[in-house]
Amino acid sequence: MKTIKDILLGRTSVRRYTRDKLSQEELDFIYEAIQNTPTSYNGQQFSVISVTDQDEKVLLYEITGQKQIKTCAAFLVFCADYNKIRIAANAIECPFPAFPDTMDGIMVGVIDAALAMQTAYISAMSIGLGGCCIGYTRTCDPERIAEILQLPKGVFVVCGLAIGYPAESPDLKPKQPLSLVIHQNHYRDNDMRDDLLAYDKTISAYNRSRSGVTTDNDWISHIVGYYNDCMKYDIEGYLKRQGFEMRK
């Protein structure tokens, strides 16, 4: 196995995989690591749909356009889940509050699912696999994906994770310098513009020279453009249709 340092400091997004399938032992290791994820209140407000059926992976690929879903060995879909605790509360006739309808309730489910996904990613890398997080699983056609995955009310997709044996070794993408990421004792109060503009130039140079497909993308306008695109998704409407009323 790789060391924790190798895994955390050498993580890259792998989008091309070999045709090798995962053994049940490998899958069980990842599943058990997911099972032990830390969660809010130990409420375990998440579930994971493990998609290994090739026809279903192809269907999800056709919806999202993300080829790695089709070619990976397993596609794990991480969901916020209040369905299980609601069933349990009803079983003992315990009145169930409207917590899932609050912003905090949404955040708790998202955080739990995200922690589970990171756990899966690290455990997969530790046994020589590669992975790629696919947020588009959440936004591209949420109703159709919920239908395919047969998600009940009280459950919604947070993110997907493709895993498999890597068929590529992507370059390590530059991240923001620690001066922009780690704030000592309070949020940084001096001017960050120079550091941010320098990072923008770093990303631009990386995109022009990286292995594989190169681009002319910078960081600042590219990310702002992504935000503009994301505003067309009716995620609030989708959440309401999945049983989250977003009352306050």
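The values are calculated or read from the model by the stated rules, or taken from the named source; none is laboratory data. Fair warning: this is a prediction, and the values are worked out from it, not measured in the lab. With ideal geometry, Cβ positions are generated from the backbone for all residues, glycine too; neighbour counts draw on all protein chains shown. With ligands, DNA and RNA removed, areas are computed over all heavy atoms of the protein, side chains included. Shrake-Rupley method; radii C 1.70, N 1.55, O 1.52, S 1.80 Å.
Here is a list: Thr71, Thr37, Thr52. Which entry is at pLDDT 95 or above, within 30 Å of Glu168 (Cα to Cα) and under 15 Å from the mean Cα position of the chain (by Cα)?
Answer to the selection: Thr37.
Within segment 217-248, track down each residue that is small (Gly, Ala, Ser) and within 15 Å of Val155 (Cβ to Cβ). Walk me through how you get there before you give the answer.
Looking only at segment 217-248, we keep the residues that are small (Gly, Ala, Ser), and these are 221, 225, 237, 243.
Within segment 217-248, Gly243 is the sole residue that qualifies.
Taking the residues in segment 72-112 that are among the charged types (D, E, K, R) and without any contact (Cβ under 8 Å) to a residue 24 or more places away in the chain as candidates, determine which candidate is least open to solvent (accessible area, probe 1.4 Å).
In this case the residue turns out to be Asp104.
Please work out which residue is farthest from the chain's Cα centre (by Cα), limiting yourself to segment 113-122 and to residues that are in contact (Cβ under 8 Å) with a residue 60 or more places away in the chain and open to solvent by 40 Å² or more (accessible area, probe 1.4 Å).
Start the filter on segment 113-122 by keeping residues that are in contact (Cβ under 8 Å) with a residue 60 or more places away in the chain, which leaves 113, 115-116, 119-122.
Narrowing the set further to residues that are open to solvent by 40 Å² or more (accessible area, probe 1.4 Å) leaves 115, 122.
On the way: Leu115: 9, Ile122: 13 Å.
Across segment 113-122, the extreme among qualifying residues is Ile122.
Could you list, in sequence order, all residues of segment 54-71 that are hydroxyl-bearing (Ser, Thr, Tyr) and open to solvent by less than 40 Å² (accessible area, probe 1.4 Å)? Step through it out loud before you land on a result.
Applying the first criterion (hydroxyl-bearing (Ser, Thr, Tyr)) to segment 54-71 yields 61, 64, 71.
Passing the criteria: only Thr64.
Of all residues in segment 1-24, which are at pLDDT below 95, part of a loop (DSSP other than H, G, I, E, B) and of a type in the set (A, V, I, L, M, F, W, C)?
Correct list: Met1 only.
Take segment 19-53 and flag every residue that is more than 20 Å from Leu149 (Cβ to Cβ), out of contact with any Ser or Thr (no Cβ under 9 Å at 6 or more places or on another chain) and surrounded by 14 or more Cβ atoms within 10 Å (Cβ to Cβ).
Glu26, Thr39, Ser40, Gly43
Report those helices (runs of 4 or more DSSP H) wholly inside segment 131-245 carrying at least 3 residues which are on the phi < 0 side of the Ramachandran plot, surrounded by 11 or more Cβ atoms within 10 Å (Cβ to Cβ) and not hydroxyl-bearing (Ser, Thr, Tyr).
Here the list reads 142-148, 193-209, 220-230, 235-241.
Identify the single condition in (1) open to solvent by 70 Å² or more (accessible area, probe 1.4 Å); (2) assigned to a helix (DSSP H, G or I); (3) modelled with pLDDT under 95 that Lys248 does not satisfy, given that it satisfies every other one.
The number of the failed condition is (2).
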